[in-house]
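Just below is one structure, and these are the notes that go with it.
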(Lines give C-alpha, C1' and ligand atoms only; values in the text may rest on other atoms or scores of the structure.)
Protein backbone atom coordinates (compact mmCIF):
# COMPACT_ATOMS: atom_id res chain seq x y z
CA UNK A 1 0.00 0.00 0.00
CA UNK A 2 0.96 3.62 -0.43
CA UNK A 3 0.77 5.15 3.03
CA UNK A 4 0.74 8.82 4.05
CA UNK A 5 1.79 9.48 7.64
CA UNK A 6 1.08 12.90 9.17
CA UNK A 7 2.72 13.94 12.43
CA UNK A 8 3.97 16.95 14.40
CA UNK A 9 6.84 14.83 15.71
CA UNK A 10 10.25 15.80 14.34
CA UNK A 11 11.29 13.02 11.95
CA UNK A 12 14.43 13.55 9.87
CA UNK A 13 15.70 9.99 9.62
CA UNK A 14 13.69 6.76 9.50
CA UNK A 15 16.56 5.00 11.28
CA UNK A 16 16.14 7.03 14.47
CA UNK A 17 14.44 5.31 17.37
CA UNK A 18 10.95 6.40 18.35
CA UNK A 19 7.37 5.18 18.58
CA UNK A 20 6.60 6.37 15.04
CA UNK A 21 9.89 5.62 13.25
CA UNK A 22 9.99 2.13 14.75
CA UNK A 23 6.50 1.41 13.44
CA UNK A 24 7.08 3.00 10.05
CA UNK A 25 10.26 0.99 9.50
CA UNK A 26 8.19 -2.16 9.87
CA UNK A 27 5.69 -0.89 7.30
CA UNK A 28 8.61 -0.25 4.94
CA UNK A 29 10.13 -3.68 5.64
CA UNK A 30 6.78 -5.25 4.77
CA UNK A 31 6.92 -3.66 1.32
CA UNK A 32 4.69 -0.62 1.77
CA UNK A 33 5.64 2.76 0.29
CA UNK A 34 5.59 5.35 3.07
CA UNK A 35 5.41 9.13 2.68
CA UNK A 36 5.98 11.03 5.93
CA UNK A 37 4.99 14.64 6.56
CA UNK A 38 6.76 16.20 9.54
CA UNK A 39 7.34 19.81 10.63
CA UNK A 40 10.61 21.69 10.65
CA UNK A 41 9.91 24.39 13.22
CA UNK A 42 11.13 27.93 12.65
CA UNK A 43 13.69 27.55 15.44
CA UNK A 44 15.67 25.24 13.15
CA UNK A 45 15.93 27.82 10.37
CA UNK A 46 15.24 25.54 7.39
CA UNK A 47 12.66 25.83 4.62
CA UNK A 48 10.24 23.18 3.41
CA UNK A 49 12.16 20.39 1.68
CA UNK A 50 11.96 16.76 0.62
CA UNK A 51 14.14 13.85 1.76
CA UNK A 52 13.79 11.05 -0.82
CA UNK A 53 14.76 7.40 -0.39
CA UNK A 54 13.97 4.32 -2.49
CA UNK A 55 10.96 3.20 -0.49
CA UNK A 56 10.07 6.15 1.70
CA UNK A 57 9.98 9.93 1.55
CA UNK A 58 10.06 12.53 4.32
CA UNK A 59 8.48 15.89 3.57
CA UNK A 60 9.73 18.50 6.04
CA UNK A 61 7.27 21.41 6.26
CA UNK A 62 8.35 24.75 7.67
CA UNK A 63 6.05 25.78 10.55
CA UNK A 64 5.98 28.02 13.57
CA UNK A 65 7.29 26.57 16.82
CA UNK A 66 4.58 24.15 17.93
CA UNK A 67 6.38 22.11 20.58
CA UNK A 68 7.90 23.25 23.85
CA UNK A 69 7.02 26.88 23.24
CA UNK A 70 4.64 29.41 24.75
CA UNK A 71 0.89 28.77 24.59
CA UNK A 72 0.19 31.63 22.15
CA UNK A 73 2.70 30.55 19.51
CA UNK A 74 1.74 26.91 19.97
CA UNK A 75 -1.94 27.78 19.43
CA UNK A 76 -1.35 29.91 16.33
CA UNK A 77 1.14 27.41 14.95
CA UNK A 78 -1.28 24.54 15.45
CA UNK A 79 -4.06 26.41 13.63
CA UNK A 80 -1.77 27.22 10.68
CA UNK A 81 -0.42 23.69 10.48
CA UNK A 82 -3.07 22.18 8.23
CA UNK A 83 -2.69 24.95 5.65
CA UNK A 84 1.10 24.61 5.65
CA UNK A 85 0.86 20.83 5.38
CA UNK A 86 -1.74 21.10 2.61
CA UNK A 87 0.37 23.48 0.50
CA UNK A 88 3.43 21.25 0.85
CA UNK A 89 1.52 18.03 0.06
CA UNK A 90 -0.11 19.67 -2.97
CA UNK A 91 3.34 20.62 -4.26
CA UNK A 92 5.32 17.46 -3.53
CA UNK A 93 2.77 14.61 -3.36
CA UNK A 94 0.13 15.71 -5.87
CA UNK A 95 0.79 12.74 -8.18
CA UNK A 96 0.66 10.03 -5.49
CA UNK A 97 -2.57 8.14 -4.89
CA UNK A 98 -2.58 7.03 -1.25
CA UNK A 99 -4.30 3.88 0.01
CA UNK A 100 -4.03 4.63 3.74
CA UNK A 101 -3.64 7.82 5.77
CA UNK A 102 -2.12 7.38 9.21
CA UNK A 103 -2.04 10.32 11.62
CA UNK A 104 -1.65 10.96 15.31
CA UNK A 105 -2.85 13.44 17.90
CA UNK A 106 -1.59 15.96 18.60
CA UNK A 107 -2.70 17.84 16.61
CA UNK A 108 -6.42 17.65 15.86
CA UNK A 109 -6.22 20.37 13.21
CA UNK A 110 -5.32 18.33 10.12
CA UNK A 111 -8.92 17.57 9.20
CA UNK A 112 -8.86 19.64 6.02
CA UNK A 113 -6.00 17.79 4.34
CA UNK A 114 -7.15 14.37 5.60
CA UNK A 115 -10.65 14.99 4.23
CA UNK A 116 -9.28 16.17 0.89
CA UNK A 117 -6.94 13.22 0.31
CA UNK A 118 -9.50 10.69 1.57
CA UNK A 119 -12.03 11.92 -1.00
CA UNK A 120 -9.46 12.39 -3.78
CA UNK A 121 -7.86 8.95 -3.47
CA UNK A 122 -10.58 6.88 -1.83
CA UNK A 123 -8.08 6.29 0.97
CA UNK A 124 -8.78 4.61 4.29
CA UNK A 125 -7.94 6.53 7.46
CA UNK A 126 -6.51 5.47 10.82
CA UNK A 127 -6.10 7.80 13.81
CA UNK A 128 -3.47 7.02 16.43
CA UNK A 129 -5.06 8.82 19.38
CA UNK A 130 -2.19 9.78 21.68
CA UNK A 131 -3.99 12.49 23.63
CA UNK A 132 -7.49 13.93 23.89
CA UNK A 133 -7.45 17.65 23.11
CA UNK A 134 -8.91 20.16 23.95
CA UNK A 135 -10.19 18.49 27.13
CA UNK A 136 -6.66 17.96 28.43
CA UNK A 137 -6.03 21.72 28.20
CA UNK A 138 -9.28 22.40 30.08
CA UNK A 139 -8.32 19.95 32.82
CA UNK A 140 -5.12 21.79 33.74
CA UNK A 141 -6.55 25.29 33.43
CA UNK A 142 -4.97 26.27 30.10
CA UNK A 143 -8.34 26.73 28.40
CA UNK A 144 -11.93 27.42 29.44
CA UNK A 145 -14.63 24.97 28.43
CA UNK A 146 -16.91 27.93 27.76
CA UNK A 147 -14.44 29.88 25.64
CA UNK A 148 -14.19 30.41 21.88
CA UNK A 149 -10.96 28.42 21.50
CA UNK A 150 -12.44 25.39 23.20
CA UNK A 151 -15.51 25.41 20.95
CA UNK A 152 -13.30 25.83 17.88
CA UNK A 153 -10.97 22.98 18.79
CA UNK A 154 -13.81 20.75 19.96
CA UNK A 155 -15.49 21.01 16.55
CA UNK A 156 -12.22 20.10 14.88
CA UNK A 157 -11.79 17.17 17.24
CA UNK A 158 -15.26 15.84 16.44
CA UNK A 159 -14.65 16.24 12.69
CA UNK A 160 -11.38 14.34 13.01
CA UNK A 161 -13.21 11.44 14.65
CA UNK A 162 -15.83 11.45 11.88
CA UNK A 163 -13.11 11.32 9.22
CA UNK A 164 -11.35 8.41 10.88
CA UNK A 165 -12.37 4.96 9.70
CA UNK A 166 -10.62 3.52 12.74
CA UNK A 167 -9.30 5.04 15.97
CA UNK A 168 -6.49 3.37 17.90
CA UNK A 169 -6.40 4.36 21.58
CA UNK A 170 -3.63 4.03 24.12
CA UNK A 171 -5.52 1.88 26.61
CA UNK A 172 -8.93 0.55 27.59
CA UNK A 173 -9.59 3.64 29.71
CA UNK A 174 -9.02 5.79 26.63
CA UNK A 175 -11.52 3.74 24.64
CA UNK A 176 -14.16 4.10 27.36
CA UNK A 177 -13.57 7.84 27.72
CA UNK A 178 -13.74 8.45 23.97
CA UNK A 179 -17.00 6.54 23.51
CA UNK A 180 -18.60 8.06 26.60
CA UNK A 181 -17.93 11.65 25.50
CA UNK A 182 -18.47 11.02 21.78
CA UNK A 183 -21.49 8.68 21.61
CA UNK A 184 -21.83 9.29 17.86
CA UNK A 185 -18.72 7.14 17.28
CA UNK A 186 -19.54 3.49 16.56
CA UNK A 187 -17.72 1.26 19.07
CA UNK A 188 -16.50 -1.06 16.29
CA UNK A 189 -14.35 1.77 14.95
CA UNK A 190 -12.44 2.17 18.23
CA UNK A 191 -9.78 -0.18 19.60
CA UNK A 192 -6.66 -0.31 21.74
CA UNK A 193 -3.55 0.33 19.64
CA UNK A 194 -0.89 1.50 22.11
CA UNK A 195 2.56 2.96 21.62
CA UNK A 196 5.02 0.35 20.43
CA UNK A 197 8.77 -0.09 19.96
CA UNK A 198 11.22 -2.26 18.10
CA UNK A 199 13.13 -4.10 20.81
CA UNK A 200 16.25 -4.93 18.84
CA UNK A 201 18.63 -2.19 17.82
CA UNK A 202 20.54 -2.33 14.59
CA UNK A 203 21.16 -0.79 11.21
CA UNK A 204 18.28 -0.35 8.79
CA UNK A 205 18.74 -0.51 5.05
CA UNK A 206 16.00 1.26 3.12
CA UNK A 207 17.37 -0.11 -0.16
CA UNK A 208 17.22 -3.81 0.73
CA UNK A 209 14.34 -3.59 3.19
CA UNK A 210 16.41 -5.58 5.63
CA UNK A 211 17.79 -5.17 9.10
CA UNK A 212 20.97 -6.21 10.78
CA UNK A 213 19.86 -7.12 14.28
CA UNK A 214 22.21 -6.61 17.20
CA UNK A 215 21.28 -8.17 20.51
CA UNK A 216 20.40 -5.65 23.19
CA UNK A 217 22.53 -5.45 26.31
CA UNK A 218 20.77 -6.88 29.35
CA UNK A 219 20.58 -3.96 31.81
CA UNK A 220 20.27 -6.36 34.72
CA UNK A 221 23.71 -7.88 34.20
CA UNK A 222 25.69 -5.12 32.49
CA UNK A 223 28.22 -3.03 34.40
CA UNK A 224 27.26 0.62 34.11
CA UNK A 225 29.80 2.03 36.54
CA UNK A 226 31.56 3.90 33.72
CA UNK A 227 28.31 5.54 32.63
CA UNK A 228 27.52 6.60 36.18
CA UNK A 229 31.02 7.98 36.60
CA UNK A 230 30.64 9.89 33.32
CA UNK A 231 27.47 11.60 34.58
CA UNK A 232 28.65 12.07 38.16
CA UNK A 233 26.20 9.58 39.67
CA UNK A 234 27.19 7.65 42.82
CA UNK A 235 27.95 4.06 41.85
CA UNK A 236 26.16 2.48 44.83
CA UNK A 237 22.99 4.58 44.88
CA UNK A 238 19.61 3.34 43.70
CA UNK A 239 18.90 5.74 40.82
CA UNK A 240 15.39 7.01 40.09
CA UNK A 241 15.02 8.73 36.72
CA UNK A 242 12.34 11.00 35.30
CA UNK A 243 12.89 11.52 31.57
CA UNK A 244 10.70 13.36 29.10
CA UNK A 245 8.65 16.49 28.78
CA UNK A 246 8.90 18.98 31.63
CA UNK A 247 5.57 20.73 31.17
CA UNK A 248 2.36 21.53 32.98
CA UNK A 249 0.65 18.21 32.08
CA UNK A 250 3.23 16.37 34.17
CA UNK A 251 2.27 18.06 37.45
CA UNK A 252 5.92 18.54 38.36
CA UNK A 253 5.36 20.57 41.51
CA UNK A 254 4.95 17.18 43.14
CA UNK A 255 8.30 16.05 41.75
CA UNK A 256 9.97 18.98 43.50
CA UNK A 257 8.26 18.01 46.76
CA UNK A 258 9.58 14.47 46.32
CA UNK A 259 13.12 15.72 45.73
CA UNK A 260 12.97 18.05 48.72
CA UNK A 261 11.63 15.37 51.07
CA UNK A 262 14.39 12.92 50.05
CA UNK A 263 17.35 15.31 50.22
CA UNK A 264 18.83 13.61 53.29
CA UNK A 265 18.47 10.06 52.00
CA UNK A 266 21.92 8.89 50.89
CA UNK A 267 20.91 5.51 49.45
CA UNK A 268 18.96 6.99 46.52
CA UNK A 269 19.68 9.39 43.70
CA UNK A 270 17.25 11.26 41.43
CA UNK A 271 17.78 12.27 37.81
CA UNK A 272 15.51 14.69 35.96
CA UNK A 273 16.12 14.80 32.20
CA UNK A 274 14.16 16.77 29.64
CA UNK A 275 12.89 20.12 28.46
CA UNK A 276 9.63 22.01 28.36
CA UNK A 277 7.76 24.98 29.75
CA UNK A 278 8.52 24.06 33.37
CA UNK A 279 12.26 23.52 32.87
CA UNK A 280 13.29 26.96 34.13
CA UNK A 281 11.18 26.55 37.25
CA UNK A 282 12.82 23.22 38.00
CA UNK A 283 16.29 24.59 37.18
CA UNK A 284 15.69 27.44 39.63
CA UNK A 285 14.81 24.96 42.37
CA UNK A 286 18.03 23.04 41.71
CA UNK A 287 20.04 26.28 41.76
CA UNK A 288 18.52 27.43 45.05
CA UNK A 289 18.61 24.05 46.85
CA UNK A 290 21.69 22.36 45.37
CA UNK A 291 20.64 18.83 46.39
CA UNK A 292 23.44 16.29 46.87
CA UNK A 293 21.37 13.37 45.64
CA UNK A 294 19.77 14.79 42.51
CA UNK A 295 20.76 16.17 39.10
CA UNK A 296 18.95 18.03 36.35
CA UNK A 297 19.86 17.57 32.68
CA UNK A 298 18.44 19.40 29.71
CA UNK A 299 17.71 17.40 26.58
CA UNK A 300 20.36 14.80 25.76
CA UNK A 301 21.01 13.21 22.36
CA UNK A 302 18.92 10.05 21.96
CA UNK A 303 21.95 7.78 22.24
CA UNK A 304 23.19 9.56 25.36
CA UNK A 305 19.74 9.46 26.95
CA UNK A 306 19.34 5.75 26.26
CA UNK A 307 22.79 5.16 27.74
CA UNK A 308 21.85 7.09 30.86
CA UNK A 309 18.50 5.33 31.28
CA UNK A 310 20.18 1.92 31.04
CA UNK A 311 22.31 2.76 34.07
CA UNK A 312 19.29 3.63 36.26
CA UNK A 313 17.20 1.44 38.56
CA UNK A 314 13.66 2.88 38.66
CA UNK A 315 11.66 4.90 36.12
CA UNK A 316 9.38 7.74 37.29
CA UNK A 317 6.14 8.95 35.70
CA UNK A 318 4.19 12.01 36.85
CA UNK A 319 0.85 13.38 35.63
CA UNK A 320 -1.16 16.35 36.86
CA UNK A 321 -3.82 15.14 39.35
CA UNK A 322 -6.51 17.32 37.73
CA UNK A 323 -6.71 15.28 34.54
CA UNK A 324 -10.07 13.75 33.70
CA UNK A 325 -8.71 12.23 30.49
CA UNK A 326 -6.72 8.98 30.82
CA UNK A 327 -3.21 9.90 29.63
CA UNK A 328 -0.70 7.15 28.88
CA UNK A 329 2.86 8.59 28.62
CA UNK A 330 5.18 7.03 26.03
CA UNK A 331 8.22 7.22 28.33
CA UNK A 332 6.88 4.07 29.98
CA UNK A 333 8.27 2.04 27.07
CA UNK A 334 11.93 2.92 27.58
CA UNK A 335 11.65 2.03 31.27
CA UNK A 336 10.16 -1.36 30.44
CA UNK A 337 12.68 -1.99 27.68
CA UNK A 338 15.56 -1.48 30.11
CA UNK A 339 13.91 -3.75 32.70
CA UNK A 340 13.22 -1.03 35.25
CA UNK A 341 10.29 -1.04 37.66
CA UNK A 342 8.07 2.00 37.21
CA UNK A 343 6.91 4.30 40.01
CA UNK A 344 3.97 6.53 39.11
CA UNK A 345 2.16 9.50 40.62
CA UNK A 346 -0.80 10.41 38.42
CA UNK A 347 -4.46 11.37 38.37
CA UNK A 348 -7.05 8.73 39.22
CA UNK A 349 -8.52 8.48 35.71
CA UNK A 350 -5.61 7.02 33.79
CA UNK A 351 -5.19 3.25 33.93
CA UNK A 352 -1.40 3.32 33.48
CA UNK A 353 -0.91 2.62 37.19
CA UNK A 354 -3.61 -0.05 37.36
CA UNK A 355 -2.13 -1.92 34.41
CA UNK A 356 1.36 -1.72 35.94
CA UNK A 357 0.25 -3.01 39.33
CA UNK A 358 -1.94 -5.78 37.90
CA UNK A 359 0.98 -7.03 35.82
CA UNK A 360 3.59 -6.64 38.52
CA UNK A 361 5.95 -4.14 36.93
CA UNK A 362 5.04 -0.91 38.69
CA UNK A 363 3.73 0.90 41.76
CA UNK A 364 1.26 3.78 41.80
CA UNK A 365 -0.26 6.48 43.98
CA UNK A 366 -2.19 9.65 43.35
CA UNK A 367 -0.13 12.72 42.50
CA UNK A 368 0.05 14.80 45.68
CA UNK A 369 0.11 11.93 48.20
CA UNK A 370 3.68 12.47 49.38
CA UNK A 371 3.65 10.00 52.28
CA UNK A 372 2.46 7.12 50.11
CA UNK A 373 4.82 8.00 47.29
CA UNK A 374 7.84 8.12 49.60
CA UNK A 375 6.85 4.79 51.13
CA UNK A 376 6.96 3.34 47.61
CA UNK A 377 10.34 5.01 47.00
CA UNK A 378 11.62 3.37 50.18
CA UNK A 379 10.24 0.00 49.14
CA UNK A 380 12.05 0.06 45.81
CA UNK A 381 15.24 1.62 47.18
CA UNK A 382 15.73 -1.10 49.79
CA UNK A 383 14.71 -4.24 47.90
CA UNK A 384 16.96 -5.15 44.92
CA UNK A 385 15.24 -8.51 44.38
CA UNK A 386 11.88 -6.74 44.05
CA UNK A 387 13.37 -4.33 41.51
CA UNK A 388 14.78 -7.23 39.50
CA UNK A 389 11.51 -9.17 39.60
CA UNK A 390 9.43 -6.15 38.56
CA UNK A 391 11.92 -5.26 35.83
CA UNK A 392 11.67 -8.73 34.30
CA UNK A 393 7.87 -8.64 34.44
CA UNK A 394 7.84 -5.24 32.76
CA UNK A 395 10.11 -6.40 29.95
CA UNK A 396 7.94 -9.46 29.36
CA UNK A 397 4.81 -7.31 29.32
CA UNK A 398 6.48 -5.03 26.78
CA UNK A 399 7.32 -7.99 24.54
CA UNK A 400 3.76 -9.29 24.74
CA UNK A 401 1.93 -5.99 24.24
CA UNK A 402 4.02 -3.03 23.10
CA UNK A 403 6.15 -4.19 20.16
CA UNK A 404 5.80 -2.80 16.63
CA UNK A 405 4.68 -6.13 15.19
CA UNK A 406 1.68 -5.95 17.55
CA UNK A 407 0.84 -2.40 16.45
CA UNK A 408 1.35 -3.24 12.79
CA UNK A 409 -0.97 -6.22 13.08
CA UNK A 410 -3.70 -4.23 14.83
CA UNK A 411 -3.70 -1.58 12.08
CA UNK A 412 -3.24 -3.81 9.03
CA UNK A 413 -5.94 -6.35 9.88
CA UNK A 414 -8.52 -3.74 8.86
CA UNK A 415 -7.01 -3.44 5.39
CA UNK A 416 -6.34 -7.05 4.42
CA UNK A 417 -8.91 -6.84 1.64
CA UNK A 418 -7.24 -3.75 0.16
CA UNK A 419 -3.85 -5.51 0.33
CA UNK A 420 -5.26 -8.54 -1.49
CA UNK A 421 -6.74 -6.40 -4.25
CA UNK A 422 -3.51 -4.43 -4.75
CA UNK A 423 -1.29 -7.51 -4.97
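Summary table
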{"quantity": "Odd one out for residue 261 among (1) over 18 Å from residue 314 (Cβ atoms); (2) surrounded by fewer than 19 Cβ atoms within 10 Å (Cβ to Cβ)", "calculated": "(1)"}
{"quantity": "Given (1) without any contact (Cβ under 8 Å) to a residue 12 or more places away in the chain; (2) in a helix (DSSP H, G or I), number of the condition residue 81 does not satisfy", "calculated": "(1)"}
{"quantity": "Residue in region 140-161 that is closer than 24 Å to residue 348 by Cα, assigned to a strand (DSSP E or B), at pLDDT 90 or above and touching a helix residue (DSSP H, G or I) at 6+ places or on another chain (Cβ under 7 Å) present", "calculated": "no"}
{"quantity": "Residue, modelled with the lowest pLDDT, within region 52-72, restricted to residues that are outside any loop (DSSP other than H, G, I, E, B) and within 17 Å of residue 84 (Cβ to Cβ)", "calculated": "63"}
{"quantity": "Where a residue in region 396-423 is within 15 Å of residue 100 (Cβ to Cβ) and in the same structural domain as residue 126 (by TED's automatic domain parsing) and its partner, wherever it lies, is assigned to a helix (DSSP H, G or I) and modelled with pLDDT of 90 or more, with Cβ under 6 Å and at least six apart", "calculated": "407/23; 408/26"}
{"quantity": "Enumerated helices (runs of 4 or more DSSP H) restricted to region 248-347, each holding at least 2 residues that are over 16 Å from the mean Cα position of the chain (by Cα) and touching a residue at least 24 places away in the same chain (Cβ under 8 Å)", "calculated": "253-261, 279-289, 302-310"}
{"quantity": "Scope region 164-188; condition in contact with a strand residue (DSSP E or B) (Cβ under 7 Å, 6 or more places away or on another chain), part of a helix (DSSP H, G or I) and surrounded by fewer than 17 Cβ atoms within 10 Å (Cβ to Cβ); matching residues", "calculated": "172"}
{"quantity": "Residue identified as out of contact with any strand residue (DSSP E or B) (no Cβ under 9 Å at 6 or more places or on another chain), assigned by TED's automatic domain parsing to the domain that holds residue 144 and surrounded by 17 or more Cβ atoms within 10 Å (Cβ to Cβ) among 63, 57, 105, 109", "calculated": "109"}
{"quantity": "Of all residues in region 350-384 being in contact (Cβ under 8 Å) with a residue 40 or more places away in the chain and part of a loop (DSSP other than H, G, I, E, B), the one that is farthest from residue 194 (Cα to Cα)", "calculated": "382"}
{"quantity": "Lone unmet requirement of (1) in contact with a helix residue (DSSP H, G or I) (Cβ under 7 Å, 6 or more places away or on another chain); (2) at pLDDT 85 or above for residue 96", "calculated": "(1)"}
{"quantity": "Verdict on residue 69 being more than 30 Å from residue 412 (Cβ to Cβ) and in contact with a helix residue (DSSP H, G or I) (Cβ under 7 Å, 6 or more places away or on another chain)", "calculated": "no"}
{"quantity": "Region 9-49, residues that are touching a residue at least 40 places away in the same chain (Cβ under 8 Å) and either outside the structural domain of residue 84 (by TED's automatic domain parsing) or part of a helix (DSSP H, G or I) (or both)", "calculated": "19, 20, 22, 23, 25, 26, 27, 28, 29"}
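The values are calculated or read from the model by the stated rules, or taken from the named source; none is laboratory data. The structure presented is a predicted model; accordingly, all values stated were derived computationally and were not measured. Note: ideal-geometry Cβ built from the backbone for every residue, glycine included; neighbour counts use all protein chains shown.
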